[in-house]
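The values are calculated or read from the model by the stated rules, or taken from the named source; none is laboratory data. All figures in this text were calculated on a predicted structure; none of them were measured in a lab. SASA here: full protein model, heavy atoms, side chains in, ligands and nucleic acids out. Shrake-Rupley method; radii C 1.70, N 1.55, O 1.52, S 1.80 Å.
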Amino acid sequence: MLLKSNNFSPMIHPTTRIASSAVISGDVEIGPNCSVGHGAVVVAEGGPIRIGANCVIMDTAVIRGVPDQVMRLGDHVLVGPRACLVGCTVEDEVFIATGASVFNGAVLGRGSEVRINAVVHLRTALEAGATVPIGWVAVGAPARFLPASDHEGIWAIQKTLDFPKYVFNTTRPAPGDSMMQNLMPRYTKALLRMHAHDHVAS
């Protein structure tokens, strides 16, 4: 399904295959000889998505554009099933495996690999050719690779990247407090504004 959103309709090269159950929404451009599998969602929510040539986005992957940055895939990129990419830059010849997550502002250098269920945290930079091992977390710029069990080591770097401010423009609450009660009504209203007039692209 191709959806017009925020006055933008997806632009798909005629040589690219889009599965019948995929959803492509808004300011999305997909280059030649790509494939987007069943159940995949490619949605520009406030920021554009640009996908190069010869990319494969497998079934149930999610790619989201966010405000103030371009969600970009280079050429010859594979995005595995259940992978989730948000507002990041993926250079050419990158392999993103099943269940991997890549967050806002991250940059994956040319030829890098993010293996099964690995995480590349926000504002993290992978060097060209780098590999994030299965289930590990890359965090920081330049990236450090840590096992998911090393919560304290990850948090020591992640905290300085300031997820609440960078993603939601809000202040991190004091220990023991939650930002969710104030943040979620604002976020849902923003999403409603973005999608209020979505309709099938002609």
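Taking only DSSP H segments of four or more residues, each worth -39500 (n - 2.57), what value at 222 nm results for the chain once the sum is divided by all its residues, to the nearest 500 deg cm²/dmol?
-5000 deg cm²/dmol
Once you have a ≥ b ≥ c as the square roots of the Cα gyration tensor eigenvalues for the chain, tell me rounded if a/c is under 1.5, and otherwise prolate or oblate according to whether a/b is larger than b/c.
Oblate shape, in that a/c is at least 1.5 and b/c is the bigger or equal ratio.
Tell me the accessible surface of Arg72 in square angstrom (1.4 angstrom probe, heavy atoms of protein chains only), to the nearest ten.
Accessible area, nearest 10 Å²: 110 Å².
Name the shape class, rounded, prolate or oblate, that the alpha-carbon gyration tensor gives for region 99-157, where a ≥ b ≥ c are the square roots of its eigenvalues, rounded holds for a/c under 1.5, and otherwise prolate holds if a/b is larger than b/c and oblate otherwise.
oblate
On the accessible surface of region 110-202, probed at 1.4 Å, how many percent belong to carbon and sulfur atoms?
C and S fraction of accessible area: 57 percent.
At 1.4 Å probe size, what's the solvent-accessible area of Ile134? Round to the nearest 10 Å².
Spelled out: Ile134, probe radius 1.4 Å, area about 110 Å².
If you average 1/r over all unlike Cα pairs in region 98-202 and invert the result, what Kirkwood radius do you get in angstrom?
15.6
May I ask you to derive the relative contact order of the chain, considering only C-alpha pairs under 8 Å and at least 6 residues apart, and to give it as an integer percent? Could the numbers behind the result be given before it?
On the way: 570 pairs, mean separation 25.7, N = 202.
So the answer I get is 13 percent.
Roughly how many Å² is the accessible area per residue of region 79-134, as a whole number, for a 1.4 Å probe?
So region 79-134 comes to 35 Å² accessible per residue, rounded to a whole number.
Between region 36-101 and region 133-189, what's the alpha-carbon centroid distance in Å?
Their Cα centres are 21 Å away from one another.
Just read off the accessible area of Trp136 with the full protein assembly in place, 1.4 Å probe, to the nearest 10 Å².
About 90 Å², ignoring ligands and nucleic acids.
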